[in-house]
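K.L.:
Handing you a structure now.
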Amino acid sequence: MQRRHLLCCGAAAAGALFTGLMAGGRALAAAGPECAASTLPPALREHALLARCWEGLDPGQLWDVHTHLLGTGDSGSGCRIDPRMTQWWHPVESLRRRVILRGACVAEDAPSIDRAYVQRLLQLAADFPEGARWMLYAFDEALDESGRPRPDWTCFHVPDHHAAGVAARHAQRFAWVASIHPLREDALARLDAALAGGAVALKWLPGSMAIDLRDARLRPFYDRLAASRLPLIVHCGEEKAVPGAGREDLGNPLLLREPLRHGVRVVAAHCASLGMALDLERPRPRPVPAFDLFARLMDEPAWRGQLLGDVSAVFQFNRRAEVWQTLLRRQDWHDRLLHGSDYPLPGVGPLYRLGGLVRAGLLAEADRPVLEAVRAHNPLLFDLLLKRRVRWRGQRLADPVFATRRHFERGTAPA
């Protein structure tokens with residue numbers, strides 16, 4: 001485990017995504033939407049598929065609940081990335097950085113990567129009706145069990161004040177999500193500051209940040225979250241893009257029981273749709289699909305008012321067809337499933353292979369050229385349109401999946 005920690009962004013922890021990217025070399029590193037034209041041409045803007053995309057939706061309720069904010073700190077933002085991601089002698093880490101920047105259409109030689117990243121998001125948002133917003137994620141650094149920062153486990157860091165500042169400057173399009181490691185000495189003070197500063201949720205990536213949801217020291221933090229009704233967004237399932245501390249075991253969906261028992265509203269990111277996890281509730285624990293454990297929790301009556309799942313990344317090529325089918329057919333879940341893009345990943349070329357969805361019977365072949373054309377101009381709009389077009393035996397993601405704002409306004413969230 002210690003060796004894996006030291007390989008924060010190294011080849012041993014890079015996973016299938018970056019293995020695939022390396023196999024294609026520079027061609028795949030450059031793969032992704034064209035970045036020159038960010039505005040949809042009239043033929044696409046007026047296409048019937050886009051018109052139908054908005055039927056039944058209230059743009060004022062459409063909050064993308066999973067949007068990453070990235071930067072290098074070149075604007076004084078306080079953001080930083082692992083130095084290995086800029087060093088040619090660490091080829092996997094360097095490729096990771098190039099792929100992410102390419103997916104966000106940010107040039108490596110931009111005068112300010114911090115500013116260019118935000119500007120690109122604003123350009124993409126311009127193709128959406130007024131009222132649609134994106135929840136921008138801060139991302140705290142990894143800490144060890146004694147609360148000491150571990151830069152060798154931290155692939156990137158986006159401080160709360162940067163996310164809050166961007167959201168304040170562009171409040172018509174952005175809200176912000178705090179990220180606070182609960183083992184910080186001042187964790188509760190930081191949480192109070194985030195609440196006062198208008199954060200709409202808190203995000204943890206336990207396997208990367210080294211957060212064990214069962215740790216008794218987290219209970220005061222849970223109590224404060226429960227009292228405030230601030231949702232806790234937790235990455236569940238396997239993590240490919242940000243290995244960090246390399247603690248995949250901490251992404252087990254069953255660990256969500258601890259904050260749920262303390263009354264915290266919890267959003268399971270990606271619906272735990274990737275990878276395996278130990279079924280800790282069997283007499284002899286064995287690995288099962290993490291998604292199956294998420295489904296178990298979703299079906300328990302005790303958590304119907306507390307547990308939700310976001311559908312970001314679930315239609316990427318590396319998910320099982322059974323996951324796609326279940327999410328579409330479980331109409332009883334749809335009031336608790338939330339639209340999210342996992343931006344900038346919709347702009348990373350190899351992650352979305354529409355042919356697989358067509359072959360699985362979820363997407364009409366006739367929709368494929370339009371989706372690909374939209375993606376070339378606007379990956380965010382592509383992500384939304386894809387989720388509106390997929391079907392399984394006539395069932396689709398219902399309109400409430402895209403009415404997410406109601407879950408993030410404190411004091412007004414559904415019971």
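The values are calculated or read from the model by the stated rules, or taken from the named source; none is laboratory data. This structure is a prediction, so every number in the text was calculated from the model and none was measured. Using ideal geometry, Cβ is built from the backbone for each residue, glycine included, and neighbour counts are taken over all protein chains shown.
K.L.:
Does at least one position in the range 329-341 carry a residue that is touching a residue at least 12 places away in the same chain (Cβ under 8 Å), surrounded by fewer than 20 Cβ atoms within 10 Å (Cβ to Cβ), over 27 Å from Arg120 (Cα atoms) and in contact with a strand residue (DSSP E or B) (Cβ under 6 Å, 6 or more places away or on another chain)?
P.N.:
Checked the range 329-341: at least one residue is touching a residue at least 12 places away in the same chain (Cβ under 8 Å), surrounded by fewer than 20 Cβ atoms within 10 Å (Cβ to Cβ), over 27 Å from Arg120 (Cα atoms) and in contact with a strand residue (DSSP E or B) (Cβ under 6 Å, 6 or more places away or on another chain).
K.L.:
So if I check each of Pro369, Pro350, which one is modelled with pLDDT under 95, of a type outside the set (A, V, I, L, M, F, W, C) and assigned to a helix (DSSP H, G or I)?
P.N.:
Pro350
K.L.:
Does the range 373-394 contain at least one residue that is among the β-branched types (Val, Ile, Thr), over 23 Å from the mean Cα position of the chain (by Cα) and in a helix (DSSP H, G or I)?
P.N.:
Within the range 373-394, the subset among the β-branched types (Val, Ile, Thr) is 374, 390.
From the residues that got through so far, the ones that are over 23 Å from the mean Cα position of the chain (by Cα) too are none.
No, the range 373-394 contains no residue that is among the β-branched types (Val, Ile, Thr), over 23 Å from the mean Cα position of the chain (by Cα) and in a helix (DSSP H, G or I).
K.L.:
Now for a different question. Out of all the residues in the range 270-293, is one or more more than 24 Å from Arg406 (Cβ to Cβ), modelled with pLDDT of 95 or more and among the polar types (S, T, N, Q)?
P.N.:
The answer is no; no qualifying residue exists.
K.L.:
Here's something else I'd like to know. Can you say whether Gln325 is over 19 Å from Met135 (Cβ atoms), touching a strand residue (DSSP E or B) at 6+ places or on another chain (Cβ under 6 Å) and either at pLDDT 95 or above or assigned to a helix (DSSP H, G or I) (or both), as far as the supplied structure shows?
P.N.:
Considered against the rule, which asks whether it is over 19 Å from Met135 (Cβ atoms), touching a strand residue (DSSP E or B) at 6+ places or on another chain (Cβ under 6 Å) and either at pLDDT 95 or above or assigned to a helix (DSSP H, G or I) (or both), Gln325 comes out as yes.
K.L.:
I need the full set of residues from the range 166-177 which are free of Cβ contacts under 8 Å to residues at least 12 places away in the same chain and not hydrophobic (A, V, I, L, M, F, W, C), in order please.
P.N.:
Of everything in the range 166-177, just one residue is free of Cβ contacts under 8 Å to residues at least 12 places away in the same chain and not hydrophobic (A, V, I, L, M, F, W, C), namely Arg169.
K.L.:
Here's something else I'd like to know. For the range 192-209, how many residues are touching a residue at least 60 places away in the same chain (Cβ under 8 Å) and within 13 Å of Leu136 (Cα to Cα)?
P.N.:
Residues flagged as touching a residue at least 60 places away in the same chain (Cβ under 8 Å) and within 13 Å of Leu136 (Cα to Cα) within the range 192-209 amount to 3.
K.L.:
Moving to a separate point now. If you go through the range 81-99, how many residues are touching a Cys at 6+ places or on another chain (Cβ under 9 Å) and modelled with pLDDT under 75?
P.N.:
Here the count works out to 5.
K.L.:
Of the residues that sit in the range 192-208 and are out of contact with any His (no Cβ under 6 Å at 6 or more places or on another chain) and of a type in the set (A, V, I, L, M), which one is surrounded by the fewest Cβ atoms within 10 Å (Cβ to Cβ)?
P.N.:
Keep residues of the range 192-208 that are out of contact with any His (no Cβ under 6 Å at 6 or more places or on another chain), which gives 192-204, 206-208.
Filter once more, keeping what is of a type in the set (A, V, I, L, M): 193-196, 199-202.
Working: Ala193: 16, Ala194: 25, Leu195: 17, Ala196: 8, Ala199: 27, Val200: 23, Ala201: 23, Leu202: 27.
In this case the residue turns out to be Ala196.
K.L.:
Let me ask something else. Spot the failing condition for Leu297; the list is (1) within 25 Å of Trp134 (Cα to Cα); (2) modelled with pLDDT of 95 or more; (3) touching a helix residue (DSSP H, G or I) at 6+ places or on another chain (Cβ under 8 Å); (4) not charged (D, E, K, R), and only one is missed.
P.N.:
It is condition (1) that Leu297 fails.
K.L.:
Against the definition (touching a Pro at 6+ places or on another chain (Cβ under 6 Å) and surrounded by fewer than 22 Cβ atoms within 10 Å (Cβ to Cβ)), how does Ala366 come out, yes or no?
P.N.:
In short, no.
K.L.:
Scan the range 51-60 and give yes if some residue there is in contact with a Ser or Thr (Cβ under 9 Å, 6 or more places away or on another chain) and either at pLDDT below 85 or outside any loop (DSSP other than H, G, I, E, B) (or both), otherwise no.
P.N.:
No, there is no match, as no residue in the range 51-60 is in contact with a Ser or Thr (Cβ under 9 Å, 6 or more places away or on another chain) and either at pLDDT below 85 or outside any loop (DSSP other than H, G, I, E, B) (or both).
K.L.:
For the range 179-191, indicate whether the set of residues that are farther than 19 Å from Leu225 by Cα and either crowded, with 16+ Cβ neighbours inside 10 Å or free of Cβ contacts under 8 Å to residues at least 24 places away in the same chain (or both) is non-empty.
P.N.:
No, every residue in the range 179-191 fails to be farther than 19 Å from Leu225 by Cα and either crowded, with 16+ Cβ neighbours inside 10 Å or free of Cβ contacts under 8 Å to residues at least 24 places away in the same chain (or both).
K.L.:
Just to be sure before I move on: is Ala295 touching a Cys at 6+ places or on another chain (Cβ under 6 Å) and among the aliphatic types (A, V, I, L, M) in the structure I sent? Quick ask: steps written out before the conclusion?
P.N.:
Values: touching a Cys at 6+ places or on another chain (Cβ under 6 Å): no; among the aliphatic types (A, V, I, L, M): yes.
The answer is no for Ala295.
K.L.:
Checking Phe317 against (1) touching a Leu at 6+ places or on another chain (Cβ under 8 Å); (2) closer than 20 Å to Ala201 by Cβ, which test does it fail?
P.N.:
(2)
K.L.:
Next question, about the same structure. Residue under question is Arg353, and the condition is that it be under 29 Å from Arg96 (Cα atoms), of a type in the set (D, E, K, R) and touching a residue at least 24 places away in the same chain (Cβ under 8 Å); does it hold?
P.N.:
yes
K.L.:
Taking Asp109, is it surrounded by fewer than 22 Cβ atoms within 10 Å (Cβ to Cβ) and without any contact (Cβ under 8 Å) to a residue 60 or more places away in the chain?
P.N.:
yes
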